[in-house]
1. State which residue pairs qualify: first residue at pLDDT 90 or above and inside the range 36-50, second residue assigned to a loop (DSSP other than H, G, I, E, B) and of a type in the set (S, T, N, Q) in any location, beta carbons under 7 Å apart, and separation of 6 or more residues or different chains.
2. Could you tell me which of the residues D82, D89, D64 is touching a Phe, Trp or Tyr at 6+ places or on another chain (Cβ under 9 Å), closer than 19 Å to D132 by Cβ and modelled with pLDDT of 95 or more?
3. Could you please tell me which pairs satisfy a Cβ distance under 6 Å, a separation of 6+ or placement on different chains, a first residue in the range 69-87 that is within 13 Å of M147 (Cβ to Cβ), and a second residue that is among the polar types (S, T, N, Q) and surrounded by fewer than 22 Cβ atoms within 10 Å (Cβ to Cβ)?
4. Which one is farthest from D95 (Cα to Cα) among residues in the range 43-70 that are touching a Gly at 6+ places or on another chain (Cβ under 9 Å) and open to solvent by less than 30 Å² (accessible area, probe 1.4 Å)?
5. Would you kindly identify the helices (runs of 4 or more DSSP H) lying entirely within the range 29-148 that contain at least 3 residues that are over 12 Å from the mean Cα position of the chain (by Cα)?
6. Looking at (1) of a type outside the set (V, I, T); (2) under 14 Å from D50 (Cβ atoms); (3) open to solvent by 30 Å² or more (accessible area, probe 1.4 Å), find the lone condition where Y108 falls short.
Amino acid sequence: MRSLPLILFLAACGGTATTDTDTDLSADTDTDETTSDATGCEGVTPKVTDLSLAELDAMLAAKDFDLINVHIPVNGQIAGTDADIAYTDPDGLEDWLDHDLSRKVVLYCMTGPMSTIATQDLVDRGYCNVYDLPDGMAQWDAAGYPMQ
């Protein structure tokens, strides 16, 4: 059991642990639970939607979502970032989102693994409008997109 935190740490820090991006991340979600009409998630199965760099760039033009950097330690930000909340603090993410399960949110980290963990934590809590930038901030910057 002592190896579990090490595996999670390796995955979160970009170690050799891998994730299957083709896996339906909602598979472990209890779909029998229903949410109230006030959340805007009625009848929607919570899942993570992966974004390409170009898709996030296009979304930033409308900016109808929260953009959150979950990388620790904070080491730069994509232009338009609303908050820095550690991927290890899902309660902090929920507080930022005012516990609104339908609130649209995009999470990113430096290279992808931390945001993958954080987005799955939100989905597991019932959030239904969750987006991940799996290429991360490093690829965003390398592609010449704006940083702040």
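1. From the range 36-50, the pairs are P46/S26; P46/T29; K47/S26; D50/T21.
2. Working: D89 fails: touching a Phe, Trp or Tyr at 6+ places or on another chain (Cβ under 9 Å); D64 fails: touching a Phe, Trp or Tyr at 6+ places or on another chain (Cβ under 9 Å).
Only one candidate passes the filter, namely D82.
3. N69/Q77; N69/T81; Q77/Q148; A79/Q148
4. From the range 43-70, those touching a Gly at 6+ places or on another chain (Cβ under 9 Å) are 46, 60, 63, 67, 69; that's our starting set.
Of the ones still in play, those that are also open to solvent by less than 30 Å² (accessible area, probe 1.4 Å) are 46, 67, 69.
Values: P46: 18, L67: 14, N69: 15 Å.
Filtering the range 43-70 for residues that are touching a Gly at 6+ places or on another chain (Cβ under 9 Å) and open to solvent by less than 30 Å² (accessible area, probe 1.4 Å), the one farthest from D95 (Cα to Cα) comes out as P46.
5. 53-62, 90-96, 136-142
6. (3)
The values are calculated or read from the model by the stated rules, or taken from the named source; none is laboratory data. The structure presented is a predicted model; accordingly, all values stated were derived computationally and were not measured. Don't worry about glycine lacking a Cβ; one is built from the backbone with ideal geometry, like all the others, and counts go over all protein chains shown. When the accessible area is computed, the model is the full protein with side chains, heavy atoms only, and any ligands, DNA or RNA have been set aside. Shrake-Rupley method; radii C 1.70, N 1.55, O 1.52, S 1.80 Å.
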